[in-house]
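Notes follow the structure.
The values are calculated or read from the model by the stated rules, or taken from the named source; none is laboratory data. Note that this is a predicted model, so its numbers are computed, not measured. Every residue, glycine among them, receives a Cβ derived from its backbone with ideal geometry; neighbour counts consider all protein chains shown.
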């Protein structure tokens with residue numbers, strides 16, 4: 001018996017019997033995913049209970065309606081001499097088939113409304129995180145609470161040969177990321193969700209959270225995980241070519257582990273901060289740019305710079321890359337509206353300068369010129 005079934009059983013919940021049967025069926029047919037993920041937040045548990053309640057109501061209505069129908073067909077068939085009854089302008093019948101569905105709807109509406117109001121109540125959070133959907137990765141920025149100032153991009157980390165090749169695939173090979181979202185257990189986390197390019201959706205079933213991320217709009221959601229662990233989800237909108245490779249991983253840790261993680265992130269940020277007075281050489285920018293390109297650009301434009309025909313243009317031999325620096329900088333900074341090229345203003349001036357320098361000198365481009373961080377800073381709007 002699962003933990004949630006056990007809890008419902010102890011409370012005498014009417015869903016306990018059904019859940020026990022489901023658990024038994026699941027043990028016999030473990031390969032079939034026939035139910036929701038086990039809830040780890042109060043909202044997810046409420047949604048689960050609402051689902052079971054509605055299932056009961058619909059099942060009872062189904063049995064009554066079809067039972068009466070089949071009984072009427074059998075017991076009052078024409079071969080036994082019965083005649084069709086007329087109920088036109090029968091006040092009693094009119095009242096009954098109006099009042100009974102109304103009472104049923106009220107009985108269903110109250111728990112549904114209560115759950116919906118709780119689902120939308122994002123007040124008094126312990127911390128707030130901004131979530132931005134990109135093609136095809138997630139950006140997280142801790143806005144307030146412990147961890148304020150920490151930010152990162154989270155993308156699929158599974159090697160390409162596991163996805164399309166013959167390499168052995170891991171259990172969660174399409175649900176592994178390089179930088180999971182880290183949150184403390186038992187804390188209310190408010191999410192401010194938006195998108196950079198097209199509509200995405202941030203969806204983690206175990207939290208009971210699914211919220212569309214729409215460019216130009218900020219939507220919010222919340223969760224408070226009651227149990228430590230790793231919880232996985234995916235983008236739930238058809239957001240483009242690599243929609244199926246945009247997973248979400250949330251790691252819920254203890255308060256002590258979270259504090260230690262925040263401290264490590266702050267140290268990394270301090271160590272990675274660039275000296276504004278440093279004078280970079282072409283070779284230094286190219287070396288840094290190759291790493292930054294691999295972290296931010298390779299999924300679309302490929303390590304070879306050849307892009308994906310019909311989806312992403314090649315950078316090797318590109319007129320933009322081989323053209324004036326200003327045009328190249330503007331494209332990377334601001335993106336190109338109407339295309340999959342997203343703006344990368346969130347990266348530092350040094351990272352952008354190194355990426356652009358690398359692109360202008362990689363593959364067959366070999367321009368020999370360099371874009372300095374100051375050049376990028378001057379083009380920011």
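Points worth noting:
- For the range 80-101, the condition of being touching a residue at least 40 places away in the same chain (Cβ under 8 Å) and either in contact with a helix residue (DSSP H, G or I) (Cβ under 8 Å, 6 or more places away or on another chain) or within 29 Å of residue 44 (Cβ to Cβ) (or both) holds for none of the residues.
- Among the residues of the range 321-333, the one identified as assigned to a helix (DSSP H, G or I) and out of contact with any helix residue (DSSP H, G or I) (no Cβ under 7 Å at 6 or more places or on another chain) is 322.
- Boolean, residue 210 is touching a strand residue (DSSP E or B) at 6+ places or on another chain (Cβ under 6 Å) and either closer than 23 Å to residue 119 by Cα or at pLDDT below 95 (or both): yes
- Residue match in the range 110-121 (condition: in contact (Cβ under 8 Å) with a residue 60 or more places away in the chain, within 29 Å of the chain's Cα centre (by Cα) and assigned to a loop (DSSP other than H, G, I, E, B)): yes
- So residue 370, is it in a loop (DSSP other than H, G, I, E, B), over 18 Å from residue 274 (Cβ atoms) and not assigned by TED's automatic domain parsing to the domain that holds residue 137: no
- Within the range 29-63, the residues that satisfy the criterion of being exposed (fewer than 11 other Cβ atoms within 10 Å of the Cβ) and either modelled with pLDDT under 90 or closer than 18 Å to residue 113 by Cα (or both) are 29, 30, 31, 32, 33, 34.
- Residue within the range 334-348 that is part of a helix (DSSP H, G or I) and either touching a strand residue (DSSP E or B) at 6+ places or on another chain (Cβ under 9 Å) or surrounded by 14 or more Cβ atoms within 10 Å (Cβ to Cβ) (or both) present: yes
- Residue 193 being outside the structural domain of residue 334 (by TED's automatic domain parsing), in contact (Cβ under 8 Å) with a residue 24 or more places away in the chain and either touching a helix residue (DSSP H, G or I) at 6+ places or on another chain (Cβ under 9 Å) or closer than 13 Å to residue 137 by Cα (or both): no
- Among the residues of the range 149-165, those identified as more than 18 Å from residue 247 (Cα to Cα) and touching a helix residue (DSSP H, G or I) at 6+ places or on another chain (Cβ under 9 Å) are 149, 150.
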